[in-house]
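This report concerns only the one structure given below.
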Amino acid sequence: MSDSYIQNLFAERIGGRQYGKSTAIYKFEKIKRAKRAALAAHPGAEIIDMGVGEPDEMAFPEVVAKLHEEARKPENRGYADNGDGVLKAAAARYLERVCGVGGINPETEVVHSIGSKAALSILPAALINPGDYVLMTTPGYPVFGTHAKYYGGLVHNLPLTEAGNFLPDLDGIPGDVLRKAKAVVINYPNNPTGASASPEFFAKVVDFARRNNVVVIHDAAYAALVFEGRPLSFLAAPGAKEVGIELHSTSKSFNMTGWRCGFVAGNELLVKAYGDVKDNTDSGQFLAIQHAAAYCLDHPEITEKIAAKYSRRMEALVEVLRGAGFNARKPRGSFFLYVDAPKVVTAKGGARREFRNAEEGSQWLITEKLISTVPWDDACACLRFSVTFAARDPADEKRVMAEIASRLGDVKFEF
Ligand SMILES: Cc1ncc(COP(=O)(O)O)c(C=O)c1O
């Protein structure tokens, strides 16, 4: 295709005149291609897909029924803008009942989102001027940083390592970065490490934010998916509401990724700024979806059932992977199991293959064993296994686990 004048019009932030011309293939595209190639090489074989970052099941039937009921109401048909009071009130109740965070004013301290991704893409417009820094954990979900860079901001990465319990080292940030930092973005339980925070860590984050005049954005997309105890909200930390906001989502907690609904809660001024930019960005999620999401927030037992499933799968996967030599340990929440990637694999016949990084290990797993994972080579060479693989019921899960054990049974990994 010859270049049209349009090629010369693209903004530098997406590559300018070079937009679309790069031949680099990104990680998730490589995984997709490897999956396709593996299927073509083994027609009809079962790919065990532990790469996906979304639930394998539908929203619960009662939630679908609620959507149906709400979609039939004429008053729900129009632009929702920043939402009516239904989801706001349910969010405040949810924070109190489920997370133990009282005192959230639904009118001034909650605004819905069309999913946390949308909120993370909107918030930088409210905060970031050219030259401002954002502190982002790595590996991690990059959306806030991507948009901050669109506005001329800079990203300072805070590596998450096993030695640091996958919590960022807030004391080691260079002074010149800290002086220009506007926001710190954290996410617990964490994607991809599966790590959880602690009340002590959140208290430290509040203190850090106060001392350095930065705002805290806690992406709580997996907060409700915990295997023991109650979900841990950043807003439960004393003083949190003075420094930050928390982003909740129905995507993972209620099997509703496609529905696009969540909420932002916390500091009134930040919530207002989010709402103002949001109002200039979208016209709100369909009220019927918001009301179905509100129903969910009043039914946390749905999440508890989902979390129990992931917990059961996690235990089985940890056992199978440990049997194959991986350093797997059950996380306290999320659906991600993060392990060191193997450095070498030796087949029964003695053929030996070395991996230079996690990506090569992941490619080998999909190509040779039809097991799909996501590699991360940011702070360590690690693989993310997601327990959202397709399985109909507990018996089917057992079958999948036995299948993984058998596929990995004829090789020896070195780490
Ligand atoms: C850490 C994290 N934040 C946010 C999102 C997006 O969530 P939502 O579906 O609410 O936009 C994801 C989705 O994978 C995620 O992993």
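When the Debye formula is applied to the Cα atoms of segment 313-354, each taken as the same point scatterer, what base-10 log of I(q)/I(0) results at q = 0.35 Å⁻¹? Those come out to -1.21, one per q. Specify whether the C-alpha gyration tensor of segment 204-343 places it in the rounded, prolate or oblate class, a ≥ b ≥ c being the square roots of the eigenvalues: rounded for a/c under 1.5, otherwise prolate if a/b is larger than b/c and oblate if not. The shape class here is oblate.
Computed over the Cα atoms of segment 226-287, what is the ratio Rg over Rh, Rh following Kirkwood? That ratio is 1.02, to two decimals.
Cβ-Cβ distance of residue 281 and residue 242, R₀ of 22 Å, FRET efficiency by 1/(1 + (r/R0)^6): the value works out to about 0.25. When the helices of the chain are scored as -39500 (n - 2.57) per DSSP H run of n ≥ 4 and the total is divided over every residue, the value at 222 nm lands at -12000 deg cm²/dmol. In the chain, the ratio of gyration radius to Kirkwood radius, Rg to Rh, stands at 0.98 when only Cα atoms are counted.
Relative contact order of segment 236-312, taken over Cα pairs closer than 8 Å and 6 or more residues apart, is 29 percent. What the phi angles of segment 239-246 give under the Karplus curve with 6.51, -1.76 and 1.60, with θ = phi - 60°, is a coupling list of x, 4, 5, 7, 10, x, 9, 10 Hz, glycine and proline written as x. Potential lengthening of the chain between residue 27 and residue 398 amounts to 130.6 nm, from the contour at 0.36 nm per residue minus the alpha-carbon distance.
Distance between the modelled labels on residue 315 and residue 64, one decimal in nanometres: 2.9 nm (7 Å Cα→Cβ projection). The phi-based Karplus calculation (6.51 cos²θ - 1.76 cosθ + 1.60; θ = phi - 60°) puts the 3J(HN,Hα) values of segment 211-228 at 5, 10, 6, 10, 9, 10, 10, 9, 7, 9, 4, 10, 4, 7, 8, 10, 8, 8 Hz, whole numbers, x for Gly and Pro.
I want the antiparallel fraction of DSSP beta bridges within the chain, as a percent rounded to 5. Within the chain, antiparallel bridges account for around 55 percent of the total.
The convex hull around the C-alpha trace of segment 305-415, projected and averaged over every direction, spans 6.6 square nanometres.
Here each label is just a point 7 Å from Cα along the line to Cβ, and for residue 105 and residue 72 those points are 3.8 nm apart.
Cβ crowding within 10 Å ranks 251, 386 as 251, 386, fewest other Cβ atoms first. Going by neighbour counts of Cβ atoms within 10 Å, the residues 141, 222 line up, fewest first, as 141, 222.
Going from the residue with the fewest nearby Cβ atoms within 10 Å to the one with the most, 276, 410, 49, 171 rank 171, 410, 276, 49.
Per residue, the average separation of C-alpha pairs within less than 8 Å and at least 6 apart gives the chain a relative contact order of 22 percent. For segment 1-93, the pair-distance distribution built from all alpha carbon pairs, in bins 10 Å wide starting at 0, is 10, 19, 18, 24, 27, 2 percent. Estimated at 0.36 nm per residue, the fully extended path between residue 176 and residue 163 surpasses their Cα-Cα distance by 2.1 nm. The alpha carbon radius of gyration of segment 111-228, expressed as a multiple of 2.2 N^0.38 Å, is 1.02. Entry note, segment 239-393: relative contact order of 15 percent, from Cα contacts under 8 Å with a spacing of 6+ residues.
Taking a threshold of 31 Å on the Cα-Cα distance, which of the pairs 21/272; 204/252; 149/241; 21/252; 27/117 fall above it? All intermediate terms of the calculation are to be shown ahead of the outcome.
Values: 21/272 40 Å; 204/252 27 Å; 149/241 26 Å; 21/252 35 Å; 27/117 19 Å.
In this structure, 21/272; 21/252 lie more than 31 Å apart at Cα.
Here the extension length gained between residue 304 and residue 203 equals 33.7 nm, from 0.36 nm per residue of separation less the Cα-Cα distance. Taking 1 over the mean of 1/r across every pair of different Cα atoms in segment 267-337, what Kirkwood radius in Å do you get? Hydrodynamic radius (Kirkwood, Cα only) of segment 267-337 equals 15.8 Å. Mean projected area of the Cα convex hull of segment 165-274, taken over all directions, amounts to 7.5 nm².
Values in this text are rule-based calculations from the coordinates and carry no lab data. From a predicted model like this one, the values you see are computed outputs, not experimental measurements. Positions of Cβ are generated from backbone atoms using ideal geometry, with glycine treated the same way; all protein chains shown enter the neighbour counts.
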